[in-house]
């Protein structure tokens, strides 16, 4: 009867009703203008048969769906867990951690080698530029004391080739030092662009790294190889810094810079220990790094 009602109202089936007509038609089917007796409820036996038929039909559709592989479900679950784990790493909620969780190894490999990592670094660099433009450094007209600090590893230079070759395992000082001596770590593209833009704006760029003083030559060679030039100074760990935490060592070096009259406008690093401690920069910017932790 409902189908007949619709056909009676819209006999020309090749012409669709206007939105207003469609609304009116629906209202007529369900509103108080409905003519005729109320529908008679189905007898109980017929109702039970209808329900059972619906269940059987649903089961048939489920059987026709493609199977969901357990491995896919596990990977999806791992990705969700690892996204949350990486979030706690970047917010420093994870605290001290020493190795990537085994279930997140493939996740980290995909992230570091894929477009998401590049996009995240681009976003951080963009925020740096937006802030730098508000500082108002007068290139050539100021006192030359507006400084921006950069960490080196995983901030200016990418050691991803080393970690890929070592399957993202635990840190090994001997093999890493051998890698440093090669001086072939590539630049992080967004950081190289940021570096050049900050120089153009007139900032003095201070490179503050946890590498040892005896790695100065290799570090300078690698920075130049990657495209970084004309830094204000490169600060490395000396003999008096042996045994100090990264946070303490870098805080002391920032204090020394401040004592020399530098205004630390910005600070970029991949570890919280690059950024925290007194004195802090006016603005600090953290790059992503789910590969390792330095306290």
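The values are calculated or read from the model by the stated rules, or taken from the named source; none is laboratory data. All values reported here derive from a predicted model rather than from experimental measurement. All Cβ positions, even for glycine, are placed from backbone atoms using ideal geometry, and neighbour counts span all protein chains on display.
Observations
- In the range 242-252, residue nearest to residue 181 (Cα to Cα) [restricted to those that are touching a strand residue (DSSP E or B) at 6+ places or on another chain (Cβ under 9 Å) and surrounded by fewer than 19 Cβ atoms within 10 Å (Cβ to Cβ)]: 242
- Residues located in the range 229-249, provided they are part of a loop (DSSP other than H, G, I, E, B) and in contact with a helix residue (DSSP H, G or I) (Cβ under 6 Å, 6 or more places away or on another chain): 238
- Matching entry among 181, 151, 212 (being touching a helix residue (DSSP H, G or I) at 6+ places or on another chain (Cβ under 6 Å), over 21 Å from residue 114 (Cα atoms) and surrounded by fewer than 17 Cβ atoms within 10 Å (Cβ to Cβ)): 181
- Top-ranked residue in the range 261-281 [being in a loop (DSSP other than H, G, I, E, B) and in contact (Cβ under 8 Å) with a residue 40 or more places away in the chain; ranked as surrounded by the most Cβ atoms within 10 Å (Cβ to Cβ)]: 270
- Output for the range 191-209, where each listed residue is within 26 Å of residue 117 (Cα to Cα) and assigned to a strand (DSSP E or B): 205, 206, 207, 208, 209
- Residue count, the range 210-228 (criterion: over 27 Å from the mean Cα position of the chain (by Cα) and either free of Cβ contacts under 8 Å to residues at least 12 places away in the same chain or outside any helix (DSSP H, G or I) (or both)): 4
- Members of the range 86-105 that are on the phi < 0 side of the Ramachandran plot and either touching a strand residue (DSSP E or B) at 6+ places or on another chain (Cβ under 8 Å) or surrounded by fewer than 15 Cβ atoms within 10 Å (Cβ to Cβ) (or both): 87, 88, 90, 91, 93, 94, 96, 97, 98, 99, 101, 102
- Taking the range 128-144 as the range and being at pLDDT 95 or above and surrounded by 13 or more Cβ atoms within 10 Å (Cβ to Cβ) as the test, the residues that pass are 128, 129, 131, 132.
- The set of residues from the range 256-272 being over 14 Å from residue 194 (Cβ atoms) and under 19 Å from the mean Cα position of the chain (by Cα) comprises 271, 272.
- Residue within the range 203-212 that is farther than 15 Å from residue 150 by Cα and in contact with a strand residue (DSSP E or B) (Cβ under 7 Å, 6 or more places away or on another chain) present: yes
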